[in-house]
1. Per residue of the chain, what 222 nm ellipticity follows from adding -39500 (n - 2.57) for every DSSP H run with n ≥ 4, rounded to the nearest 500?
2. Given a Förster radius of 41 Å and the C-beta distance between T75 and H115 as r, what FRET efficiency does 1/(1 + (r/R0)^6) yield to the nearest 0.05?
3. Could you order peptides 73-80, 232-239 by the average number of other Cβ atoms within 10 Å of their residues, highest first?
4. What Kirkwood hydrodynamic radius, in Å, does region 20-121 give when the mean of 1/r is taken over all pairs of distinct Cα atoms and then inverted?
5. So how much slack lies between R96 and A84, counting 0.36 nm per residue of separation and subtracting their Cα-Cα distance, in nm?
6. Relative to the longest principal Cα axis of the chain, at what angle does helix 2-19 sit, 0 to 90 degrees, rounded to 10?
7. Please give, to one decimal in nm, the separation of the simple spin-label points placed at D146 and S25, each 7 Å out from Cα toward the Cβ.
8. How far apart, in nm, are two points set 7 Å out from the Cα along the Cα-to-Cβ line at M252 and at I62?
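Values in this text are rule-based calculations from the coordinates and carry no lab data. Not measured: the values here are computed from a predicted model. Cβ atoms come from the backbone with ideal geometry, glycine included; neighbour counts cover every protein chain shown.
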Amino acid sequence: MKSYLFTLYILTVTGMTAWAQPRISVNRNTYSCGQVEWLKPVMVDFTITNTGDKPLELANVIASCACAAPGWTQTSIAPGGNGAVSITFDAKALGRFHKSIGIYSNAESSPIYLHITGEVVRETTNFEKNNLKSIGQILIDKTEIDFPNVHKGERPTLQLTIINQSPDPYEPILMHLPPYLQMAREPRVLQKGEKGIVTLTLDTDRLPDLGLIQTSVYLARFAGDKVGDQNEIPVSIVLLPDFSDLSEAERMNAPAIHFSQTDVDLSEQLKKKRKAVFDIIVSNTGKSILHINKLQVFNAAVDVGLNKSVLTPGEQARLRITLEKPSVKKKNRKLRILLISNDPVQPKSIIRLKAE
């Protein structure tokens with residue numbers, strides 16, 4: 001009887017020892033990188049989970065080629081805990097790839113193998129993740145051109161990414177370009193699936209006045225294209241006064257503009273009426289006279305009226321905003337109001353409207 005109990009004890013202990021061990025689990029065995037640009041490394045992370053009852057140790061991670069540099073959790077992974085294996089793939093060779101990574105651990109199933117796949121290309125042609133907009137068969141990363149804070153004498157630039165998805169060679173052209181904007185293209189002609197950059201340079205010395213300047217340019221979708229709503233790109237520029245030459249004493253005694261609020265929600269009013277009206281109080285909290293030199297709107301659906309444009313210290317004015325509901329959705333410009341003043345700290349003030 002004693003011999004039988006001893007044997008049963010040994011078998012039980014042996015069984016518990018065999019069951020109590022680290023077990024390795026991975027969130028995915030294969031990761032597809034899709035298209036990878038040549039010489040632009042990508043990093044892939046795998047999550048490792050210890051589903052066993054003893055600490056898991058990752059002893060080594062070996063990649064099938066030198067271009068996949070592995071990194072991994074070096075400390076023990078407690079039961080139920082997570083670790084990571086990171087693979088950096090250095091895309092030095094063009095073409096499709098399939099790389100294997102062996103993970104060596106103290107788990108019984110060691111080693112296990114992970115895989116990364118994809119294709120190294122000179123130019124990516126899968127643009128689903130690039131947040132690009134379609135204008136015909138042309139993709140573009142910006143559907144508005146905005147130079148929000150510029151001063152006389154500056155020449156800021158803005159770049160547009162353009163991809164040709166048409167079957168024919170394509171030459172990017174912005175039609176109705178105003179005289180204060182110059183355009184450069186690289187390359188000049190885009191083949192099917194090719195990406196290019198259009199660089200716009202703003203010549204602020206050719207701007208007519210302070211404040212908001214608005215116009216539209218039109219992206220030609222093909223040779224001989226015409227202008228229209230479908231290929232219109234609005235342009236907004238705000239030219240600000242330059243206070244860089246003010247002395248410290250002048251800044252200490254300058255005017256200061258203040259608004260009762262700068263974000264106005266008119267959606268509730270517009271649910272019941274065709275027109276919404278709202279008043280904002282504008283105050284001069286500074287030490288000298290405040291001049292509101294410009295009051296402009298970004299959208300023709302907005303009408304504004306200011307009962308005073310010159311405010312002594314402590315004085316207030318009423319800014320009345322009127323928004324026409326039928327016109328809101330017909331316009332593609334932002335629901336904003338711009339004020340330009342002689343406040344050197346805040347020469348440009350923006351009031352944002354919400355209509356829905």
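1. -2500 deg cm²/dmol
2. 0.95
3. The peptides rank, most packed first, as 232-239, 73-80.
4. Value: 14.0 Å, from the Cα pair sum.
5. So the extension gain works out to 1.8 nm.
6. Tilt relative to the chain: about 30 degrees.
7. Simple spin-label model gives 4.5 nm for this pair.
8. It works out to 7.4 nm between the two label points.
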